[in-house]
Amino acid sequence: MENPVNSLQKMLDVNIPIVYIDDYDFARIDEIISKACGSDIVEWNPATGVTNFLSKCSIRRDASLNDFLAEKYADDIESVKPDYIVLREIASYLDDPQTISLLTHIAQRKLYDREYDTSIIISDYGLTIPNQLLPYTSILNIDIPDEADIERLIEEHLEANDVDKEKFTDKDREALMPSLRGLSSFEIDRVLDMAISVNGTLSDKDKEMILQQKKAQVKKSGLIELVDVKESLDDIGGLNKLKDYLKDKSMVMKYLGLAQKNKIDTPKGVFIVGMPGCGKSLCAKATASQFGCPLLKLDMGSMMGKYVGQSESNLRRAIKIAEAAAPCILWIDEIEKGFSGIGGNNDIMTRMFGFFLSWMQDKTSSVYVIATANNADNLPPELKRKGRFDEIFCVELPNNEEREAILKVHLNKRKQIDNVKNLAPLVKKTDGFNGADIESVVNQSLEELFVKELQNNNGDKGDIKVTLTMDKLLEVATNTVSISKSCKPQIDKMAEIFKDSKFKSAT
């Protein structure tokens, strides 16, 4: 991880007029700016106006941003001092044409007037760069702390709170480290303070509290959905090869420290391609239960922003949030809707795709990605090659054995398995059905029998107990139009594509 102080110094040394720091940990940002720039800094923010950067005391509270910038563009070079201007929380001001114009003129003068040596540092959370400022602006990304940084922060908190270090064992440290990975320095400080204030020390018992804090961060972001899961792999009928694969991966993730000592790479994720209604989403949910970690759902549509660079920033922030919640499952549903047709005229999506690929290729965090797609035909080949995902599985319409397994799952779920002994006739009748079709047959059969019982009892609710029969199930199945019939051209085309792609079968 490159030192952000060095990164900022390099940007300023090569005469970049505007540096945009996209982060919310203002205390850490101030520390970085101070170390990189020294003392010749003045700040403007909406709350205190022109402000002493070091003391945070207001100098001129009533000075508007435009008035302040106009002064810094003055012909009198001496009045422009200091050399560095920090503009904090000004994203909402960047809709003002006058503000944009003033920033543009200052940037141009910085480039072409040797006597004018003023750099602007914008510090805000939520990337907002108008088109006019793009040529003059560089973005400073502050990486999340690595293992050494986390160790240092833990030691600082133990010393600051006079905690007996002998009570904080190697076992405690090993238990807490995965939970702290992915959090910013600001967030780590907060959770360590919270843990020590409650217990007077740190221990492996604080792991659950830290994970709860991670969940809270995810929920309030608005970019990622935290999905509650009750499903397990036992709720999936068939797909045994995929389920066995996920069980093996869960063992690696649960004992990741030991796996890494044996030079085993951190699992990246799995790409599940297949027919609609055949259990891809269920697999994502069940995987979270199997891994024993939260499930985060990423909607590519929610990433799109109105400003240049905002969509890419949203994706970066969403991934940063996922890494903060690690270990976790990051589920990207219907990924083809986000990345199909890359390489055309959609520059924004192409850049987002490039960033996502680089992250998948290089990531070492314990974020296990599950991408699901109904159609992989238009997805770029870079996404489907090894190195991005550990494996690609294809889920097709269930065969005889799988349909029987799916039926047993749904009959068991509704406590009707003992009422229907021989499933062979129904397995045959449901040929060409997907998992959703089969569930619908079971549910509709129960519903029709329930309504009939109510009618027979003249609407008296009483103690009605519905008993499924094979005759009823066959009747409903006969009247059900399966997906293989209602969408035959699309299903046939998908089957051909899956065959040509030579994806590994989930069955």
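The values are calculated or read from the model by the stated rules, or taken from the named source; none is laboratory data. Keep in mind that this is a model prediction, so the values were computed, not measured. Here Cβ is always computed from backbone atoms with ideal geometry, including for glycine, and neighbour counts include all displayed protein chains. For the accessible areas, the whole protein counts, side chains as well, though only heavy atoms, and no ligand, DNA or RNA atoms are used. Shrake-Rupley method; radii C 1.70, N 1.55, O 1.52, S 1.80 Å.
Quick notes
- Relative contact order [Cα under 8 Å, 6+ residues apart], the chain, whole percent: 13 percent
- Using a cut-off of 19 Å between Cα atoms, the listed pairs Lys386/Lys504; Lys214/Lys386; Lys363/Lys384 include Lys214/Lys386 as exceeding that distance.
- Accessible surface for the range 348-493, divided over its residues, is 53 Å² per residue with a 1.4 Å probe.
- Amide H contacts of Phe389 (H built 1.01 Å from N, under 5 Å, at least 5 apart or other chain): none
- For the peptides 400-406, 119-125, the ranking by packing is 119-125, 400-406, with the highest mean count of neighbouring Cβ atoms within 10 Å listed first.
- At R0 = 30 Å, FRET efficiency that the Cβ-Cβ distance of Gln490 and Thr467 yields, to 0.05: 0.20
- For the range 40-140, the relative contact order works out to 26 percent when only alpha carbon pairs closer than 8 Å and six or more residues apart are counted.
- Every helix of 4 or more DSSP H residues in the chain counts as -39500 (n - 2.57), and over all residues that averages to -15000 deg cm²/dmol at 222 nm.
- Partners for Lys165 among lysines (Cα-Cα distance below 17 Å; same-chain residues under 8 apart left out): Lys205
- Proximal charge balance of Ala405 [Cβ under 12 Å; K/R count +1, D/E count -1]: -2
- About the Cα centre, charge dipole magnitude for the chain (Lys/Arg +1, Asp/Glu -1 at Cβ), debye: 2080 debye
- The range 355-487 - percent relative contact order, Cα under 8 Å, separation 6 or more: 25 percent
- Among residues other than Ala326 with Cβ under 11 Å from its Cβ, the summed charge is +3 (Lys and Arg +1, Asp and Glu -1).
- Matching label, percent of Cα pairs over 31 Å apart computed from the structure shown, candidates (i) 45; (ii) 52; (iii) 58: (iii)
- The range 1-160: projected area of the alpha-carbon convex hull, averaged over directions, in nm²: 10.1 nm²
- Using only alpha-carbon positions in the range 144-219, the gyration tensor eigenvalues give semi-axes of 18, 13, 12 Å once each is multiplied by 5 and square-rooted (largest first).
- Cross-link reach is defined here as a Cα-Cα straight distance under 22 Å, omitting same-chain residues fewer than 8 places apart; for Lys421 the lysines meeting it are Lys408, Lys413, Lys429, Lys465, Lys472.
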